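Accompanying notes for the structure given below.
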Amino acid sequence: MAIRIIGTGSALPEKTMTNEDLTRLVDTSDEWIRERTGIGTRHISTGETVVSLAAQACQHALESAGRDASEVELLLIATCTPERGIPCAACQVQNELGAAQAAAFDLNAACAGFLFALNTACAYIEAGIYQNALIAGSEVLSKIIDWTDRSTCVLFGDGAGAVLVERCEQGGILAIAQHSDGNKGAVLQCDGRELHNPFVDVPATVPYVRMDGREVFAFAVRQVPSCIQEVLGKAGLTAGEVDLYVLHQANKRIIEGISKRLAVDLDRFPMNLDRVGNMSSAAIPVLLDELNREGRLREGMTLVLSGFGAGLTYGACVLKW
Ligand code: COA
């Protein structure tokens with residue numbers, strides 16, 4: 001029994017914001033942002049929501065697979081910026097799509113969320129509980145960013161990407177790994193609502209993302225290659241046998257560091273972060289959809305997907321396209 005990706009989709013907010021635009025908000029420059037991150041532009045919501053973006057990406061994934069929403073059995077949304085506490089974004093997307101048969105729930109593993117959701121879907125399908133799953137990573141990070149903090153506001157963007165996976169006879173996903181290190185949670189965090197009940201009333205504050213960028217950078221360059229080696233080992237492959245590395249798009253220098261550690265040419269690491277920034281859980285499925293639509297994914301190709309982020313969380317997957 002195997003599981004393969006049979007459709008991809010993505011959706012980005014209409015409005016774009018350049019590095020030049022950011023220089024009017026904080027003390028920064030196009031040169032600094034490009035040099036330290038590789039980012040040039042990002043899409044920022046002026047009304048699009050985690051639900052509307054995810055629903056659009058999911059619809060495109062269904063169309064690209066030639067399937068109807070009524071056939072979906074499991075619907076997972078990876079997000080750390082849901083619209084509501086309840087109901088979850090996945091139930092709202094289910095309603096928008098008319099995926100009436102699907103069991104739907106959200107999963108938050110920050111920027112590794114898409115990989116954790118993919119792994120969850122695979123476990124359900126392997127257990128024989130479902131035949132297919134629609135999985136999206138969707139974020140409107142712009143609402144939890146402090147737009148006066150130049151060390152974070154230049155990095156992130158909004159968007160959603162989705163894949164449809166289905167049970168198949170052979171090929172598809174060969175190995176997946178996922179890991180968490182809660183001990184390092186403080187290096188990248190955003191608080192939730194304060195305690196407010198008849199016994200305790202903490203004055204409400206507006207929570208924003210806070211980050212120790214250097215710690216996150218070091219963690220990514222160290223852990224992502226070892227996680228990739230772990231899945232390659234499980235699949236009996238070497239780093240050189242992989243055609244494309246579809247990695248979380250956080251920083252060009254992180255991707256360069258990973259390519260160096262794996263001793264694999266950078267041209268096997270497609271990037272779109274110059275146009276979209278870091279979209280957390282949406283980054284991998286959006287890039288995958290772009291590659292798919294550009295015809296760069298040929299049947300039989302070996303791909304590695306790998307993400308990392310707040311938690312800290314990280315994961316990797318190796319698959320045959
Ligand atoms: N524009 C101009 N200067 C900036 C700046 C900006 N947007 N942001 C920070 N700086 C300044 C700092 O204040 C510091 O100034 P100082 O030397 O006077 O104190 C200087 O640039 C260097 O800051 P530093 O944090 O050491 O830069 P860096 O090379 O580590 O790059 C990041 C910062 C955030 C780009 C980098 O650490 C990074 O990408 N980390 C990973 C973050 C990430 O990907 N998070 C999401 C993971 S899912």
### Query
By per-residue mean of other Cβ atoms within 10 Å, what is the highest-first order of 119-125, 263-269, 48-54?
48-54, 119-125, 263-269
### Message
Could you order the peptides 71-79, 13-21, 251-259 from most to least packed, using the average number of other C-beta atoms within 10 Å per residue?
### Response
71-79, 251-259, 13-21
#### Entry: Alpha carbon convex hull of the chain, projected area averaged over orientations, nm²
16.7
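Segment 174-320: percent of C-alpha pairs farther apart than 24 Å?
On the way: 3930 of 10731 pairs.
Tail of P(r) above 24 Å: 37 percent of Cα pairs.
How much net charge surrounds residue 175 when only the other residues with a Cβ under 12 Å from the Cβ of residue 175 are counted, with Lys and Arg +1 and Asp and Glu -1?
Values: positive: 234, 320; negative: 230.
Spelling it out: positives minus negatives among the neighbours equals +1.
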### Query
Quick one: net charge of residue 26's neighbours, Cβ under 15 Å, K/R +1, D/E -1?
-3
### Query
Can you give the net charge of the other residues whose Cβ lies under 15 Å from the Cβ of residue 44, counting K and R as +1 and D and E as -1?
-2
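Between residue 100 and residue 179, what's the calculated FRET efficiency when r is the beta-carbon distance and R0 is 51 Å? Round to 0.05. Can you show the working numbers first?
Details: r = 35 Å, r/R0 = 0.69.
Approximately 0.90, to the nearest 0.05.
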#### Entry: Mean separation of Cα contacts under 8 Å, 6 or more apart, over the residue count of segment 1-111: relative contact order %
27
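In which sequence would 279, 301 go, from the one with the fewest C-beta neighbours within 10 Å to the one with the most? Display every interim value, and only then the final one.
Working: 279 33, 301 14.
The most exposed by this proxy come first: 301, 279.
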### Message
Per q in 0.20, 0.21 Å⁻¹, report the Debye log10 I(q)/I(0) for segment 201-252, using one uniform scatterer on each alpha carbon and no solvent.
### Response
-0.83, -0.88
### Task
Report, for the chain, the % of DSSP beta bridges that are antiparallel, rounded to 5.
75
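FYI, it's all coordinate maths here, none of it is from the lab. Every value quoted in this text rests on a predicted model; they were computed, and no experiment measured them. With ideal geometry, Cβ positions are generated from the backbone for all residues, glycine too; neighbour counts draw on all protein chains shown.
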